[in-house]
Amino acid sequence: MDAFVAAVVGFVVAAVLALINSWLSGREKVAEGVCTQRIAAYPAAWRRTGVVSRWPRTDADREHIVRLHEDLRRWYYAEGGMYLSTRARKRYEHLQLVLEAFLSQPESNVADHYASLMEAASYFRTGLTKDLETREQVGLDCDDPRLARREAGHPPSRRPAPRGYGRVAVSARHHRLGRVIPYPSPDTRGRTLGRRRRSEPGLLRTSRAPAPG
């Protein structure tokens, strides 16, 4: 009798372990598939946000921002949106809200709000790198920007470059102009923008007060 009970218990334990291993194996395959799709889809969004790069700054105008707004929407629904983590998706939404806020002000120009647009784009790109864990790798000393500058023979950076210094032209080949996407009504914009948290970078002023110098 004891041998029979032991055999039954052993069979049940083996079955449960087999089910757990099968589930874990399935999850691992899904994770590998998602990672593969992210690696394929994320570079396109990364390149598009370069229209408001930090170093060097570009000469982007209002039309470039419209194209960025539209291209990111197409990318989200046709390529990468399905593979964004919850954290990265929130950063994508934040960038789109900042772009929408800028475009909702007809008299605004990119030069006055470049820093806000740039920070929102950088915030989104950081979400992409967190999904891929490309900046979580340890072992390369070049991750230290001070060491990288020394290795390149540059003096330590002590102050930001003057406004407009090193500005580059935005290449036309990086843009695709498609159908115009209808924007929400003004009252919807106001409610949407009011929900943004202060901790999120790149928030635009919605008033028409002159931007600080």
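The values are calculated or read from the model by the stated rules, or taken from the named source; none is laboratory data. Only a predicted model underlies this, so the values are computations on that prediction, with no experimental measurement involved. We place every Cβ from the backbone using ideal geometry, glycine too, and count neighbours over all the protein chains shown.
For this structure, a couple of remarks:
- Of the set (1) touching a residue at least 40 places away in the same chain (Cβ under 8 Å); (2) in a helix (DSSP H, G or I), all apply to Arg91 but (1).
- Matching residues in the range 64-88 - criterion: being more than 16 Å from Asp131 (Cα to Cα), in contact (Cβ under 8 Å) with a residue 12 or more places away in the chain and surrounded by fewer than 17 Cβ atoms within 10 Å (Cβ to Cβ): Arg73, Arg74
- When residues in the range 7-42 are screened for being modelled with pLDDT under 70 and closer than 16 Å to Gly81 by Cβ, 0 of them pass.
- Here Ser108 clears all of (1) under 26 Å from Ile39 (Cβ atoms); (2) surrounded by fewer than 20 Cβ atoms within 10 Å (Cβ to Cβ); (3) in contact with a helix residue (DSSP H, G or I) (Cβ under 8 Å, 6 or more places away or on another chain); (4) of a type in the set (Gly, Ala, Ser) except the condition numbered (1).
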